[in-house]
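Chemist: For reference, the structure I am asking about is given below.
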C-alpha cells in the first residue's frame, strides 16, 4: 500500500475478521496507534498463530506497524529505513543471500533465516542486501 492509503489498511482484507484474542494482545502492546514488528511477532509466537494473522488483525484494527526488524520502515519522523548499504559483503554472506534469492528478491522470512544461519543480526542482512541491490519482499506481517 502507498502512503496515501495510510489509515485504510483494512481494505487489504475484504471479508477479514478480527480475532478478539489477538486484538486484545495488540491493544496491550500498541502505543499511539502503532505496534512494533518485534511485538507483533511476539504476539504470533505467544498465541500460536502466524505473523500474517497478527498482521491482518493489525490492519483490520487500522493500526500501523513500525520499527521493522530488518530496518526497512518505521524509523524516525520520516518513517525512513534504518539501514544503510554496507561497504563490503563477505563472500560467505553473499553466497548465503544469493542462495536464498528468488526472482532477484529475498523474502523477509528468508532474510531472517539467513541471519540465523549466519549468526548475524537481521539489520546486517538487510545492509548486505542493500549493498547487493537485492530487494526484500513479502513481509511476514503483510506490511509490504
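Chemist: Going by how many other beta carbons lie within 10 Å of each one, how would you line up 59, 77, 32, fewest first?
Modeler: Working: 59 23, 77 5, 32 8.
The most exposed by this proxy come first: 77, 32, 59.
Chemist: Once you've got the GNM for the chain with C-alpha springs shorter than 10 Å, pick whichever of 28, 110, 82 has the biggest mean-square fluctuation.
Modeler: 28
Chemist: Take 75, 9 and order them by how many other Cβ atoms sit within 10 Å, fewest up front.
Modeler: On the way: 75 15, 9 21.
Ranking 75, 9 by Cβ neighbours within 10 Å, fewest first, gives 75, 9.
Chemist: While we're looking at this one, here's another question. Separation between the residue 50 and residue 116 pseudo-spin-labels, each 7 Å from Cα along Cα→Cβ, expressed in nm?
Modeler: Computed distance between label sites residue 50 and residue 116 equals 1.6 nm.
Chemist: Tell me the angle of helix 20-29 to the major Cα principal axis of the chain, expressed in degrees between 0 and 90 and rounded to the nearest ten.
Modeler: On a 0 to 90 degree scale, this one is about 60.
Chemist: To continue, here is another question. Quick check on the stretch 91-137: take the gyration tensor over C-alpha atoms, sort the square-rooted eigenvalues as a ≥ b ≥ c, and tell me if it's rounded (a/c under 1.5), prolate or oblate.
Modeler: Details: a/c = 1.35, a/b = 1.28, b/c = 1.06.
Because its axes are fairly even, with a/c under 1.5, the stretch 91-137 counts as rounded.
Chemist: May I pose another question? To test your reading of the geometry: what angle, between 0 and 90 degrees and rounded to tens, separates the Cα axis of helix 37-47 from the longest principal axis of the chain?
Modeler: So the inclination is approximately 60 degrees.
Chemist: Sticking with this one: Relative to a virtual label point 7 Å from the Cα of residue 105 in the Cα→beta-carbon direction, which members of the stretch 42-75 show backbone nitrogen distances below 19 Å?
Modeler: 51-53, 55-56, 68-74
Chemist: At R0 = 22 Å, how high is the FRET efficiency between residue 62 and residue 85 if r is their beta carbon distance? Nearest 0.05 is fine.
Modeler: Working: r = 33 Å, r/R0 = 1.52.
E between residue 62 and residue 85, to the nearest 0.05, is 0.10.
Chemist: Determine, for 105, 64, the number of other Cβ atoms within 10 Å of each Cβ, and report the residues in order from fewest to most.
Modeler: Working: 105 14, 64 18.
Listing 105, 64 from fewest to most nearby Cβ atoms yields 105, 64.
Chemist: Take residue 13 and residue 28, extend 7 Å from each Cα along the Cα→Cβ direction, and tell me the distance between the two endpoints in nm.
Modeler: 1.9 nm
Chemist: If you don't mind, another one. Sort the stretch 3-66 into rounded, prolate or oblate with this rule: let a ≥ b ≥ c be the square roots of the eigenvalues of the Cα gyration tensor; rounded if a/c is under 1.5, and if a/c is not under 1.5, prolate when a/b is larger than b/c, oblate otherwise. The partial results should precede the final answer.
Modeler: Working: a/c = 1.81, a/b = 1.27, b/c = 1.42.
Oblate.
Chemist: Rounded if a/c is under 1.5, else prolate if a/b beats b/c, else oblate: with a ≥ b ≥ c from the C-alpha gyration tensor eigenvalues square-rooted, which is the chain?
Modeler: Numbers: a/c = 2.07, a/b = 1.80, b/c = 1.15.
Taking the square roots of the gyration eigenvalues as a ≥ b ≥ c, the chain is prolate.
Chemist: If you don't mind, there's one more thing I want to ask. Over the chain, with a Gaussian network built from C-alpha contacts below 10 Å, which listed residue (67, 46, 84) shows the highest mean-square fluctuation?
Modeler: 46
Chemist: To the nearest 10 degrees, how steeply does helix 51-60 sit against the main Cα axis of the chain, on a 0 to 90 scale?
Modeler: Once rounded, the angle reads 50 degrees.
Any read-out appearing in this document is the output of simple, stated calculations on the displayed coordinates, not a laboratory observation. Since the structure is predicted, the reported quantities are computational estimates derived from the model, not experimental observations. Here the Cβ is made from the backbone with ideal geometry for all residues, glycine too, and neighbour counts use every protein chain on show.
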